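Worksheet for the structure shown next.
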Amino acid sequence: MADVLKPDFQRGRRLRSEAGKADAVRVYVGDCRETLPQIPQVKRGEVDLVFADPPFNWARAYDEWHDKMPRNDYLDFTYDWLDLCVGALRDHGAIWVNIPDDTAAEIVLHLKQRGLHMINWCVWHYRFGQNTTSRFINSKVHALYFAKDPKNRRWNAEDVLETSDRASTYFDPRTMDKRDGMPAGKRLPMDVWYGPYWGRIQGNNKERRHGHDNQLPEVYLERVLRATSNLGDLVLDPFLGSGTTGVVAHALGRGFIGTEFSEANARRSFERIEDGPIRVGMSEDAVTAIHPPRRRRPAVTE
Ligand SMILES: C[S@@+](CC[C@H](N)C(=O)[O-])C[C@H]1O[C@@H](n2cnc3c(N)ncnc32)[C@H](O)[C@@H]1O
């Protein structure tokens, strides 16, 4: 216990959110299977939203974590942290899991068996997956969105709207007079996510943090947090990594708890949260149409 909840992270290093809540950001060091049961808000079931991007067991060179368990051990590990996260949620709580093809099915099944409801099975699509010659190139990760109660959950559609293809590409006047309650020319994003700033964080990407080759783009967390949590809510990420969830949550006025196995990662992610995000707010009014505009814009008449 003593070296799990490091005192400098527990007491000395905390931030206030824009919502004004004290202790708005907390970062804990250690194996989340050991730290989560000791965190007061987790014990009391006070978490509004979990976002988890676990190690994929792909032998990645993490700072300290050994990312190559026997398959059954990895599944046990997965079920253990999932159960802890589910137990941390309030009644209106929800969980997102970022996971590739090889373990998505097991996670879906496990969360259903725990009584959660799938709201969306989203896909994060990125270009520049690793080239293959004997099968199609991987270019996606699953973003699984489950809620404890589908009828009682955070949902802020108006905070994540996009320009519809009908408006940006087909100039269809019907989109300017919609009956679904959405503003003219706007719609919710589809469940396959891509577009400007949605690529993997590599090379000289401005968001890139030293020592991480599996950092998620800020726009991904921005969409998740804006749509499925409220100002002042408490967000938990058990696998902090470079701190993407924390930096976006804090910038959006959510409280945040992160756990991370590597102390160096935890320290750097805390610094990142203090520094603030690079791209939050830049995807407003995004257009994701994949075809060029089809017809001439109608002439403007006075
Ligand atoms: C896929 S990365 C997370 C990346 C993160 N979403 C980002 O955008 O930077 C997984 C992280 O989980 C950490 N980790 C692995 N096993 C852990 C465990 N049992 N408890 C806490 N953290 C762990 C690793 O050190 C690594 O930093």
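The values are calculated or read from the model by the stated rules, or taken from the named source; none is laboratory data. Keep in mind it's a predicted model, so treat the numbers as computed, not measured. Backbone-built Cβ (ideal geometry, glycine too); neighbour counts: all protein chains shown.
Filtering region 227-278 to residues that are surrounded by fewer than 22 Cβ atoms within 10 Å (Cβ to Cβ) and among the basic types (Lys, Arg) leaves ARG267, ARG268, ARG272.
Results for (1) within 16 Å of the ligand (Cβ to nearest atom); (2) hydrophobic (A, V, I, L, M, F, W, C); (3) touching a residue at least 40 places away in the same chain (Cβ under 8 Å), shown as yes or no for each residue.
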| position | (1), (2), (3) |
| --- | --- |
| PHE77 | yes, yes, yes |
| GLY93 | no, no, yes |
| TRP96 | yes, yes, yes |
| ALA104 | yes, yes, yes |
| VAL108 | no, yes, no |
| MET118 | no, yes, no |
| ILE137 | no, yes, no |
| ALA147 | no, yes, yes |
| ARG154 | no, no, yes |
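Checking the condition within 25 Å of PRO196 (Cβ to Cβ), away from the ligand (no atom under 14 Å from the Cβ) and among the polar types (S, T, N, Q), which residue from SER283, SER269, SER242 passes? It is SER283. Among the residues making up region 41-56, those that are assigned to a loop (DSSP other than H, G, I, E, B) and either at negative phi or at pLDDT below 95 (or both) are ARG44, GLU46, ASP53, PRO54, PRO55, PHE56. Please find, within region 26-40, the residue that is surrounded by the fewest Cβ atoms within 10 Å (Cβ to Cβ) out of those that are part of a helix (DSSP H, G or I) and more than 9 Å from the ligand (Cβ to nearest atom). Of everything passing the filter in region 26-40, PRO40 is surrounded by the fewest Cβ atoms within 10 Å (Cβ to Cβ).
Is it fair to say VAL224 is surrounded by 20 or more Cβ atoms within 10 Å (Cβ to Cβ), aliphatic (A, V, I, L, M), within 16 Å of the ligand (Cβ to nearest atom) and within 28 Å of ALA157 (Cα to Cα)? Criteria met by VAL224.
Here's the yes/no breakdown for (1) touching a His at 6+ places or on another chain (Cβ under 6 Å); (2) part of a helix (DSSP H, G or I); (3) in contact (Cβ under 8 Å) with a residue 40 or more places away in the chain:
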| position | (1), (2), (3) |
| --- | --- |
| ARG209 | no, no, yes |
| GLN215 | no, no, no |
| ARG223 | no, yes, yes |
| GLY232 | no, no, yes |
| VAL235 | no, no, yes |
| LEU240 | no, no, yes |
| ARG272 | no, yes, yes |
